[in-house]
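Note sheet for the following structure.
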Amino acid sequence: MIAKDFVAEHNAACAVDHAHDYDALGRQLARRGFDIERIAERVACFRVALPSWAVGTGGTRFARFPGPGEPRDVFDKLDDCAMIHRLTGATNEISLHFPWDTPDDPVALRARASHLGLGFSAVNSNTFQDQPGQKLSYKFGSLCHTDAAVRAQAIAHNLDCIRLGEALGSNAITVWIGDGANFPGQQHTARAFERYLASAAEIYAALPGDWTMLIEHKMYEPAFYATVIQDWGSSLMAAQALGPKARCLVDLGHHAPNVNIEMIVARLIHAGRLGGFHFNDSRYGDDDLDTASINPYRLFLIFNELIDADWRGAANPGLAHMLDQSHNVTDPVESLISSTIELQRALAQALLVDRDALAALQNGNDALMASQSLKAAFVTDVSPIVARAREMNGAALDPLGAYRHSGYRAACAAARPAKGGGGGGIV
Ligand code: RM4
Ligand code: MN
Ligand code: MN
C-alpha cells in the first residue's frame, strides 16, 4: 500500500538535523564518560511485542468509537504491526489473544508473518468472557470456579492456546484471569487460590520444554472486592508453587495508584521470577493509556532497576517486553509507535546512570546527590540516541512524521471498508 522507499526518502530529509543533534549529544555524553554509539547500539537491540488487540480502536464500557481503516481480521492486524515495525525497527513480534485472534489457518498466518519479517511472542488465553457456543459460563470464574467442569473447560482452553502458540512459533503463554469476588463472603478466599493453583498446575504440566508460563496479576476489575491473583505476592507464590517455568508478568496498570512498581520489579528480580511486562500508563486504574504518557519518570525508574540488575549480573534472562494498551481517541498505529519510542527513551536514560557514582553516593548516604544522579540521566534528552538506534535498524528517524506523511491510514480506510458502527468493545 505504501511506497517501498518512503522511509529512506523521509530519512534523507531529516538526516542533516539528526547528525547535528547526535554529534552535540555525543560530545556532552563523552564529557560524562559515555560513548554515545555504544548506548545507541544497546537501544537498537531492544524489542517490544505489539499486542494484536491494540491495533484496533479500543473502547470503554460506555462506547467504542471506531476509526477509519481498522483491521478487519488478524491478517490486517499483521499489516499494521509490520508498518509499525518498519517505522520503529523494534516491534517485530506480536502477542496474540485467543480467541479474539484465533486464525482459521495457523500455517498461513505464520507464513504471512514471516513474509512480513514478524514473529509471535507470548500468546494470551481468555477465560474472562464467554464465547459464542461455549458450554459453561465464566460468570462466576474460570480456573478458580467452584464447579470442576468449568475449571476443566478453562484449562482446556489454555491447552488449546499452547498448541496454537506452538504452531505459530510462540514460546510463552500469559494467563490473566478475572476470577474473584464482588462482595465479601461471596467466595472462599483461601479455597479460590487453592483451586487456582491446582488448575494452573495442569496448564503448567502441558508447557512444551522451552515455554514459559507468565502469570499476570491485577488488583481489581472485573472483580471489585477481591481478585484471586491480585498482586505480585500472589503471583510470585503461584510461580514458586508451579515450578521454574512459571514467572511473573507485571502490567504497569494493574496496581493501586502510587504503588512503587520499580520496587516490585526489584523484588521479582531478586526472586528470579520476573518474566515480563505489559507496558502502558495510567492515572487511576487499568487505564491502558499510552506508555509514559502520564508518568515517564516511573517508567525510567523501572528501566533503572532492569539495567542495574544487568550491571550487577543479577538480571532475569529472556524478559518478555510487551505493550498492552487500549486506544480510544488516537490512531492505534501512532500510539503504538509513540509507546515504543518512550520505552527506548527510558532504556537510553537508564543506560546513562553513572552506576559507580550512584553506588558511592548510596553507600555514603548522600540522599540528595543520589537522587540527583538519577535525575541527571532522566532529564537528558536522548531523542537523538533513539533516532540513531532506529537508523541502525533501517527504520525511520522520525517515525510519527513519516507515518503521517505516508498516507497509510487513508490507504487502509480505502482498502478496509468499515464493518459496522460503534458499540462496546473493551480491551
Ligand atoms: C486485562 C489484562 C490482560 C489483557 C486484557 C485485555 O486487563 O491486562 O493482559 O489481555 O486486559
Ligand atoms: Mn495486561
Ligand atoms: Mn489490563
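Just one residue in the set Leu159, Leu164, Leu143 is outside any loop (DSSP other than H, G, I, E, B), in contact with a Phe, Trp or Tyr (Cβ under 7 Å, 6 or more places away or on another chain) and either within 16 Å of ligand 1 (Cβ to nearest atom) or open to solvent by less than 50 Å² (accessible area, probe 1.4 Å) (or both); that residue is Leu164.
So which of Leu197, Leu242, Leu249 ends up being in contact (Cβ under 8 Å) with a residue 24 or more places away in the chain, within 16 Å of ligand 3 (Cβ to nearest atom) and touching a Leu at 6+ places or on another chain (Cβ under 8 Å)? Explain how you work it out, then say what you get.
On the way: Leu197 fails: within 16 Å of ligand 3 (Cβ to nearest atom); Leu242 fails: within 16 Å of ligand 3 (Cβ to nearest atom).
Going through Leu197, Leu242, Leu249 in turn, the sole match is Leu249.
Taken over segment 225-253, the criterion of being under 20 Å from Met263 (Cβ atoms), assigned to a loop (DSSP other than H, G, I, E, B) and of a type in the set (A, V, I, L, M) is satisfied by Ile229, Leu252. Scan segment 201-218 and tell me whether some residue there is part of a loop (DSSP other than H, G, I, E, B), within 25 Å of the chain's Cα centre (by Cα), of a type outside the set (A, V, I, L, M, F, W, C) and surrounded by 14 or more Cβ atoms within 10 Å (Cβ to Cβ). Looking for residues that are part of a loop (DSSP other than H, G, I, E, B), within 25 Å of the chain's Cα centre (by Cα), of a type outside the set (A, V, I, L, M, F, W, C) and surrounded by 14 or more Cβ atoms within 10 Å (Cβ to Cβ), one finds at least one in segment 201-218, hence yes. Exactly one residue out of Arg298, Arg267 is open to solvent by 40 Å² or more (accessible area, probe 1.4 Å), charged (D, E, K, R) and away from ligand 3 (no atom under 15 Å from the Cβ), and it is Arg267.
I'm checking my understanding of the structure. Among residues of segment 167-188 that are in a strand (DSSP E or B) and in contact (Cβ under 8 Å) with a residue 60 or more places away in the chain, which one is farthest from the chain's Cα centre (by Cα)?
Residues of segment 167-188 that are in a strand (DSSP E or B), as a first pass: 172-175, 180-181.
Filter once more, so that each one left must be in contact (Cβ under 8 Å) with a residue 60 or more places away in the chain: 172, 174.
Details: Ala172: 14, Thr174: 11 Å.
It comes out as Ala172.
Every test in (1) outside any helix (DSSP H, G or I); (2) more than 25 Å from Val123 (Cα to Cα); (3) of a type in the set (Val, Ile, Thr) is passed by Thr91 save one, and that test is (2). Within segment 87-115, the set of residues being surrounded by fewer than 17 Cβ atoms within 10 Å (Cβ to Cβ), closer than 30 Å to Ala40 by Cα and not hydroxyl-bearing (Ser, Thr, Tyr) comprises just one member, His115.
If the condition is being within 13 Å of ligand 1 (Cβ to nearest atom) and open to solvent by 10 Å² or more (accessible area, probe 1.4 Å), then segment 270-284 contributes only Ser282.
Consider segment 308-327 and keep the residues that are buried (at least 18 other Cβ atoms within 10 Å of the Cβ) and of a type outside the set (A, V, I, L, M, F, W, C). The one that is nearest to ligand 3 (Cβ to nearest atom) is Asp324.
The values are calculated or read from the model by the stated rules, or taken from the named source; none is laboratory data. In this text the structure is predicted, and so the values were computed from the model without any measurement. Here Cβ is always computed from backbone atoms with ideal geometry, including for glycine, and neighbour counts include all displayed protein chains. Remember, those area values only see protein heavy atoms, side chains included, never the ligands or the DNA or RNA. Shrake-Rupley method; radii C 1.70, N 1.55, O 1.52, S 1.80 Å.
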